Amino acid sequence: MTFGAPEWLWGLLLVPLLVALFVRAERRGLRLLQEFVSARLLPQLAGTVNRPRRIIKFGLQLLGLSLAIISLAQPRWGYTFQDVKRKGLDLLIAVDTSRSMLSNDVQPNRLERVKLAIQDLINELQGDRVGLIAFAGRAFLQAPLTIDYDAVVEAINDLDTKTIPEGGTRISSAIALATQSFGKSATGNRALIIFTDGEESETSGDAVAVKMAKEAADAGARIFTVGVGTSEGSLIPITDENGETAFVKESAGQVHKSRLGEKGLREVAQGTGGFYIHLESGPRTMQQVQTEGLAKMQAAEMDARLSRRPIERYEWPLGAALIALALSIFIPERKRVRERRYVPAAVRTAEAAAALLILLASFSYATAPGIDAYRDGKFEDAYGQFQQTLKSHPQSPAEDKVQFDSGAAAYKLKDYNRALESFSQALLTRDTGLQSKGHYNLGNTLYERGETE
């Protein structure tokens, strides 16, 4: 498997961070709840919270996020094969690697400036095949014509003045090798760009180069020459056997000064329909070569080639992400509580401090006598009868309601401690309505007890 945009995979680092934050939030919430509610009441008051469901829901959301990130990374596996036709130029770049290219009349030196300029040129190309020739006393094909621009750039960076061991600057040898590499064609889609200081060293070198240029033109190639250096020139620095800097000397023992030779370069280019240009600003010069030279040449349709292309599979993780997120929506975090049916008989009275709620429960097994006593204002008897009912019918379905009514009777007797005990027991019910009323009466009881104390 490969990815079209692997930088998105860095987003998966969010997953462990979100897990840590979720665990921390769960622990903190539970700790705060335990500080607020007693351990005895916690299972009843927080009983509707379903922690396994919360974890499952968060897990699905996290899974959906992870799959969405993977989808953005454009996963690919498998291949399809297609016939691809290409239109473009065949472009050979010839670079002078003689020792004169070490002259530093341009910075850092002529050869290094050429390397940078060629990279600027390659950045302007689209669909053209590019090859590389190194030449000095003779020429050598460093990189054959290819659309693998990275390979060509790598070959360019490897060039130095030791690439061609034979000294000199034989431009004609570079033209001859380029013509041989192109073959004969009248399509006019073949170009040779020569980067050199033009310091031809062979006998009648300029004339031979012009002759070879005409033969290249007959073979369907156009030549552009790029002059590197200055007319004033500079000395050629080298490192001697002792590791010290010295300068190249002529046969007579005088220090040689290398100068740009533009005349011969113009003749070579003009004889093929190309032009000469001086390398000044690398990007601007190369853009001029592209727009005024290469762009005006006729791009030919190349042979169709079988191209292997990876198959995009982003829709699979994206679909799975949507399913996971959709499932998380339908998972509730709380349990569904089914309320037990009962017949309430509530008596609401108003007092100076607060109001009191009472439930008068009916039982399927007997009629609670405490209710009648409560209505008659006999609260002591009512409390006793409620307590007797609880003892005689333990674990009954209406136990929580009787506890509630028992607390109401104790409240009327101003026995707030017994009222608190009964109301607290009533809070253990799963009946959320009774829980709410129990909290209400419990608050009133605490208030009244505080007033009496």
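The values are calculated or read from the model by the stated rules, or taken from the named source; none is laboratory data. Given the structure is predicted, the values throughout are model-derived calculations rather than measurements. Every residue, glycine among them, receives a Cβ derived from its backbone with ideal geometry; neighbour counts consider all protein chains shown.
What to note about this one:
- Restricting attention to the stretch 170-197, the residues that are at pLDDT below 85 and surrounded by 22 or more Cβ atoms within 10 Å (Cβ to Cβ) add up to 1.
- Top-ranked residue in the stretch 251-265 [being assigned to a loop (DSSP other than H, G, I, E, B) and small (G, A, S); ranked as modelled with the highest pLDDT]: G261
- When residues of the stretch 395-453 are limited to those that are polar (S, T, N, Q), touching a residue at least 12 places away in the same chain (Cβ under 8 Å) and not in a helix (DSSP H, G or I), the one farthest from D381 (Cα to Cα): T429
- Residue match in the stretch 74-89 (condition: modelled with pLDDT of 90 or more, out of contact with any Cys (no Cβ under 7 Å at 6 or more places or on another chain), hydrophobic (A, V, I, L, M, F, W, C) and surrounded by 18 or more Cβ atoms within 10 Å (Cβ to Cβ)): no
- Selection status of I122, modelled with pLDDT of 90 or more and in the same structural domain as I175 (by TED's automatic domain parsing): yes
- Residue match in the stretch 421-442 (condition: over 28 Å from R334 (Cα atoms) and surrounded by 20 or more Cβ atoms within 10 Å (Cβ to Cβ)): no
- Residues of the stretch 94-147 satisfying the condition of being polar (S, T, N, Q) and in contact with an Asp or Glu (Cβ under 6 Å, 6 or more places away or on another chain): S100
- Search result, residues across the stretch 406-419 that are among the hydrophobic types (A, V, I, L, M, F, W, C) and surrounded by fewer than 19 Cβ atoms within 10 Å (Cβ to Cβ): L413
- Taking the stretch 414-453 as the range and being of a type in the set (F, W, Y) and either modelled with pLDDT under 85 or within 17 Å of Q387 (Cβ to Cβ) (or both) as the test, the residues that pass are Y416, F423, Y447.
- Long-range neighbours under 6 Å by Cβ, at least six apart or interchain, first residue under 16 Å from L111 (Cα atoms) and modelled with pLDDT of 70 or more within the stretch 236-250, second surrounded by 10 or more Cβ atoms within 10 Å (Cβ to Cβ) and charged (D, E, K, R): I236/R99
- When Q61 is tested against (1) surrounded by 20 or more Cβ atoms within 10 Å (Cβ to Cβ); (2) of a type outside the set (A, V, I, L, M); (3) not assigned by TED's automatic domain parsing to the domain that holds G274, exactly one condition is not met: (1).
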